Structure formats: structure tokens, C-alpha cells
Ligand SMILES: CC(=O)N[C@H]1[C@@H](OP(=O)(O)OP(=O)(O)OC[C@H]2O[C@@H](n3ccc(=O)[nH]c3=O)[C@H](O)[C@@H]2O)O[C@H](CO)[C@@H](O)[C@@H]1O
Ligand SMILES: C=C(OP(=O)(O)O)C(=O)O
């Protein structure tokens, strides 16, 4: 099992090319199920989750071709599809549930394993199911599978007004994709406004979908009988960008994050500026300059839906808060169990006390290298950041979590001057 060996203490300098967003690429790969025409995606990141999604789609009968090093991929769901997502694949990647909406809309049926919980929380998909039922799908949950079909005599879902109980990102994406091929109008109230939802909507519109209001809490979709193929470039990964911002802020140095979208990261950039880092964004990327974490001021924040502070950046910013000066309170409101990194950060010398949904961080600590274990994707990233700052050697174990969502992270960090290597 691969691990990362980090010798901390290097300042980071140079340029990083930001990859396409995992959380946009995954639903966009699934959108190829909605049409019998080829769909060409560019800037698809090289990630374990993308490979898993590819395997899943290929098992359903989608032809997938990879073109080049720059992330070109063509998907063609022409043949009769086998609309089944088996447990072996879904259990390794919750985003597999994103095939549900497209399959019901295109094939009139689907059999998708329940994703179950994961390290960060229970993560039910009841809102996805409720929305599809409102659109006329008959759904039973049996033997660990969501069995969905259209009633006898119906060949299409029907539009509906759906208000989800909470803002759900993949729930919004699943229902928006399903609604593109439904009969009549669907209105999604309380919709997620994340940039990845907007990017997916833009791709669907290019495929012929009629969608309005994406990027707001009310999305209207007028269903059409069929969608066509398209070409689409996956939006830059704001979480990868934010992770590198925090890494440079913590180690000190200066970096240019080429392709990074500052307009998708306002909440994080505001906090970095309040901490004392210099962050300048334009249409081509983001420049960050920092005197090093120990010269910054720790920042309190609460995670919320977009455009608030993203839960997917909570662990990385907490690593920065451990070395920055002063106390800070980090409140996680999206997932009930997203503090798994706290105990591991403590092994490096961090002082953090958990009080319910808030982690109180005593800043200004000198971190020292140690063996630590990654528990989930962003927890792994926070341990890498802490390891880059710590004195001596840190070994991060179980980095398969990191590989789910970061495109060659250690290579990008090495290019910035970090002393980091992958070891067996
Ligand atoms: C592939 C992808 O895009 N993953 C992102 C997506 O996950 P994901 O879409 O799974 O997260 P959601 O937005 O759905 O979850 C938000 C909250 O709603 C709850 N919930 C959600 C759906 C549902 O049917 N019932 C329910 O109770 C969840 O347990 C959670 O507490 O958004 C999260 C929140 O920004 C991010 O952390 C993930 O990186
Ligand atoms: C939680 C995450 O992803 P997923 O929803 O795929 O588990 C994440 O990207 O931080």
C-alpha cells in the first residue's frame, strides 16, 4: 500500500497547473448516459474516482476512449445499456449514485447499489429517491439496492416541483440530469449552487437540455425527448486550488496556481487574506504569497453550502490554523463526522479540542514529523500540509484516499520544491 514520505520545512515556490474538478467530472461522465451520441470531455483529472467511474460506465455498455495526457475522453452510450451499478464499485465511490437519474431517464429503469455511509458521515440518498419518485419513478430499496423503474405504459419521467429537505449537491445533479429527458417542466427548489452544478448544467445545455436558474437555489428544467452529443471542458478544481493555497500559506513562499478560479473560492481566499497571506486572482489563475504559517493569524470559520466556506476545505485550513497564531474555532455543519484528521494532526503536535460540531484549535504549535494515517480524502490533504510544515519526517499511510481526488499531488508539490515522495 502506497504511503507518502515528507521531509518538512521547505518553502514552496513556483507554478502549479490546476486540474479539472473531480466533483464536476464525475457527474459529467454520467451525463454521457443521457444520449446515444458521443460526448467528448476535456480536462478530465487523472484520479482513482474517475477510473472507477469509467469502469462502472464500461460495465453498463458505454464505450470510453482516453485521448491524450491533457485529459481528453470520449464516451459513447450508444448500445443497449445494462442499467446496473453493483455494490463492489459503488462501495469504493459514493458518487456512483450519480448514474441513477440518467439511467432512469434514458432506460426507464436502474438497479444501483445503496452507497452506504463513509468515514465523514452517514450520507443517505433519500432526497435523490424522493425526487425521482415525485417524477413518477417507482422505487423500492431491497437487498441493498435501489430498484427504480417507470410504471407500465410510461416511457418517460414526468416533470415535477421538488423541494429537497436540505441542499444536496449530487441530489441536485441527479435530479437535474433526470429532468432533462422528462415530460414537461421540473422545478428544483433549495437546489445546490456549487460551481460544479453550474458546470454540469452548462454541459447539459450544450447537449440540448433546456435549463435555467443554475447557480441559484431554483433550477427550472423543461424536458426534451432526446439529447445529443457535445464537447465540454471540465471546470478547474476549486478544492485542489484551495488545498495548494493552504499549503503555500502554511509553508511560506509564493506560487502561481495556473487556471485556478478565484471567483469560486471567495470564502477561502477571504480567510487567507484575513490570516495575512497575499492572494491575487485574475482570469488566468491565482497568485499566493505567504511569510509562513507561524507569521499568520489563525481564522475561525463555519462550513456551509456554496458560496460559504466549503466542507471539502475544512481539514486543510485546520492544518494551517494549527501553526498560525492564536485560537480558532472550526465548525462543521455539513457532515456529522468530519473531524477524523484531528487525532492524526495531534500526533504531529497540534492542539485541538473537539466540542460537538466545533473543533477549537490552539494555534502557534511547532509540529514535528510522525507516522500518521489518512482516513478520508481531505483528511489526507490536511496531513500532507501539516507534514510539509513539520520538522523532520512524516509518513502518511493509506494515501489511496488522497488518490481518489488529487491528480498527482506529490508531483505537483515536488515541482514547488517540497521534499515529498511516494513509497511502497
Ligand atoms: C461527488 C461530490 O460532488 N461530492 C461532494 C458532494 O457530496 P454529496 O452530494 O454526497 O453531499 P450532499 O450535498 O448531498 O450532502 C449534504 C448533506 O445532506 C445530507 N443528505 C444528502 C442527500 C440526501 O439524500 N440526504 C441527506 O441527508 C448529507 O448526509 C449531508 O449531511 O457535496 C458535498 C458537500 O459540499 C462535498 O463534501 C462532496 O465533496
Ligand atoms: C467528500 C468528498 O468526496 P465524495 O463525495 O466523492 O466522497 C470530497 O471531495 O471531499
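Laboratory data are not the source of any read-out in this text; all were calculated from the coordinates shown. Remember, predicted model here, so these are calculated numbers, not experimental data. Positions of Cβ are generated from backbone atoms using ideal geometry, with glycine treated the same way; all protein chains shown enter the neighbour counts.
Remark: 300, 155 ranked as 155, 300, counting other beta-carbon atoms within 10 Å and listing the fewest first.
So for 98, 34, fewest C-beta neighbours within 10 Å to most, what's the order? Mind showing how you got there, number by number?
Numbers: 98 28, 34 25.
Least crowded to most crowded, the residues run 34, 98.
The sum of -39500 (n - 2.57) across all DSSP H runs of n ≥ 4, divided by the residue count of the chain, sets its helix-only mean residue ellipticity at 222 nm to -9000 deg cm²/dmol.
Just want the ordering: 55, 186, 180, from fewest to most Cβ atoms lying within 10 Å of their own Cβ.
On the way: 55 15, 186 26, 180 29.
By the 10 Å Cβ count, ascending: 55, 186, 180.
The range 354-380 and the range 51-85 have their alpha-carbon centroids 38 Å apart. Between helix 266-275 and the chain there is an angle of about 10 degrees, using the helix long axis and the longest principal axis of the Cα atoms.
With only Cα atoms counted, the chain has Rg and Dmax values of 21.5, 68 Å.
Going by average Cβ density within 10 Å per residue, which order do the peptides 405-418, 278-291 take, highest to lowest?
On the way: 405-418: 20.9, 278-291: 16.9.
Per-residue Cβ counts within 10 Å, averaged per peptide and sorted highest first, yield 405-418, 278-291.
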